[in-house]
Amino acid sequence: MKKIAVFTSGGDAPGMNACIRAVVRTALFHNIEIVGIIHGYNGMIAGDFIPMDTRSVSNIIQRGGTILKTSRSAEFLTVDGRKKAYDNLVKQNIEGIICIGGNGTFAGAKQFFEEFGIPSIGAPGTIDNDLYGTDESIGFDTAVNTAMEAIDKIRDTAESHERAFFIEVMGRHAGFIALACGIAGGAEVILIPEQKHEWTKLKHHFAGKNKTKKSVSIVVVAEGDEQGGAMKIVEHLKEFIPDFDPRVTILGHIQRGGSPTAFDRLLASRLGNAAMEALLRGEKNKMVGMVDNKIVLTSYDDAINKTKPLNAESLRLVDVFNV
């Protein structure tokens, strides 16, 4: 290969810029021409390409977000949209792509190859950490630290008012953020999509015969919990405990922003380098990941379709510490 493109797609994640930097500098090290695609698949369809060199990625490793911007593309879901993207890549003599993103990004890249033969390697960039084939995805560690710091601050107010707080974190389909920041933040209860039938346990915590003697309770809720988000859960609880008066804090997109942690910068750098070198070796339709501190390759099919389990030890700790 002589010319390769890199883009970011889907939700942004701290560390994406570090990954872009690693991809670009690895390409230049191997004397490969590298271009950036602005706004992900939408930019591929619009032909929004920019040449990149070592100066393009100077002073970005510490920045959150993505300098290549990101979006979700409805047009790329159509055959006509993908044909436009292919025609633009051909015009630019681009022979392969590095895509940084999550499930939707890799599903699009897989279909694109099946229809038009453009090979790609993916780097897992998502704070949700729900991709099979890597212990952690780019941005997860930063998001957990951001949420944990918020929980620490909220606890100060909770202690001052002797009040329960329900804190909602991101995680529509997976509870990795809630589990990690809940344990690290000392939460009394953690509610996640993977754990069903937790409603009885929650009611018991606040209104059972052995009602907790704690004057303060921190409950961390993943937005995709089976009972709904934190607001709905509190509404349900008030039906059983009329005088219950907790506060709800929804952390929202603050979890996606900010300077990436050292861990995320190192992870992104290793994965970006590995993605480029895998593509140059002839690998395609695979995601690079880190398992037991070693680089591994996982097919897009497995990365997308296989369920990544929560850490069993972490789940056990939740029960042990909730006494």
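The values are calculated or read from the model by the stated rules, or taken from the named source; none is laboratory data. Computed from a predicted structure; not experimentally measured. Note that each Cβ is placed from the backbone with ideal geometry, even for glycine, and that neighbours are counted across all protein chains shown. To get the accessible areas, we keep the full protein, side chains included, count just its heavy atoms, and leave off ligands, DNA and RNA. Shrake-Rupley method; radii C 1.70, N 1.55, O 1.52, S 1.80 Å.
Step by step: first the residues of the range 17-63, then only those that are among the acidic types (Asp, Glu) and touching a strand residue (DSSP E or B) at 6+ places or on another chain (Cβ under 7 Å), then the one that is nearest to Lys83 (Cα to Cα). Which residue is that? So that I can check it myself, show each step before the final result.
First, pick out the residues of the range 17-63 that are among the acidic types (Asp, Glu): 33, 48, 53.
In the following step, the residues that additionally are touching a strand residue (DSSP E or B) at 6+ places or on another chain (Cβ under 7 Å) were identified as 33, 48.
Numbers: Glu33: 23, Asp48: 15 Å.
By that ranking, first place goes to Asp48.
Does Ile61 fit the bill of being open to solvent by less than 60 Å² (accessible area, probe 1.4 Å), at negative phi and of a type outside the set (S, T, N, Q)?
Values: open to solvent by less than 60 Å² (accessible area, probe 1.4 Å): yes; at negative phi: yes; of a type outside the set (S, T, N, Q): yes.
So Ile61 passes the test.
Please give the helices (runs of 4 or more DSSP H) falling wholly within the range 259-323 in which 2 or more residues are closer than 14 Å to Ser120 by Cβ.
262-280, 300-305
Just the residues that are in a helix (DSSP H, G or I) and not aromatic (Phe, Trp, Tyr), please, taken from the range 157-180. Give the derivation first.
Narrowing the range 157-180 to residues in a helix (DSSP H, G or I): 157-161, 176-180.
Matches in the range 157-180: Thr157, Ala158, Glu159, Ser160, His161, Ile177, Ala178, Leu179, Ala180.
Quick one: is Glu136 touching a residue at least 60 places away in the same chain (Cβ under 8 Å), among the charged types (D, E, K, R) and closer than 21 Å to Ile61 by Cβ?
Details: touching a residue at least 60 places away in the same chain (Cβ under 8 Å): yes; among the charged types (D, E, K, R): yes; closer than 21 Å to Ile61 by Cβ: yes.
Yes, satisfied.
For (1) in contact with a strand residue (DSSP E or B) (Cβ under 9 Å, 6 or more places away or on another chain); (2) open to solvent by 60 Å² or more (accessible area, probe 1.4 Å); (3) outside any helix (DSSP H, G or I), each residue gets a yes or a no:
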{"site": "Asp141", "(1), (2), (3)": "no, no, no"}
{"site": "Thr146", "(1), (2), (3)": "no, no, no"}
{"site": "Ala150", "(1), (2), (3)": "yes, no, no"}
{"site": "Arg155", "(1), (2), (3)": "yes, no, no"}
{"site": "Gly182", "(1), (2), (3)": "yes, no, no"}
{"site": "Gln195", "(1), (2), (3)": "no, yes, yes"}
{"site": "His205", "(1), (2), (3)": "yes, no, no"}
{"site": "Ile233", "(1), (2), (3)": "yes, no, no"}
{"site": "Pro242", "(1), (2), (3)": "no, yes, yes"}
(request) Could you please give the count of residues in the range 105-139 that are open to solvent by 10 Å² or more (accessible area, probe 1.4 Å), assigned to a loop (DSSP other than H, G, I, E, B) and either over 19 Å from Asn88 (Cα atoms) or in contact with a His (Cβ under 7 Å, 6 or more places away or on another chain) (or both)? (result) 7
(request) Take the residues in the range 256-266 that are buried (at least 19 other Cβ atoms within 10 Å of the Cβ) and in contact with a Gly (Cβ under 7 Å, 6 or more places away or on another chain), then tell me which one is modelled with the lowest pLDDT. (result) Arg256
(request) Report, by residue number, each residue of the range 10-51 that is small (Gly, Ala, Ser), part of a loop (DSSP other than H, G, I, E, B) and open to solvent by 10 Å² or more (accessible area, probe 1.4 Å). (result) Gly10, Gly11, Gly47
(message) Looking only at the range 243-262, how many residues end up being within 21 Å of Glu223 (Cα to Cα) and of a type in the set (Ser, Thr, Tyr)?
(response) 1
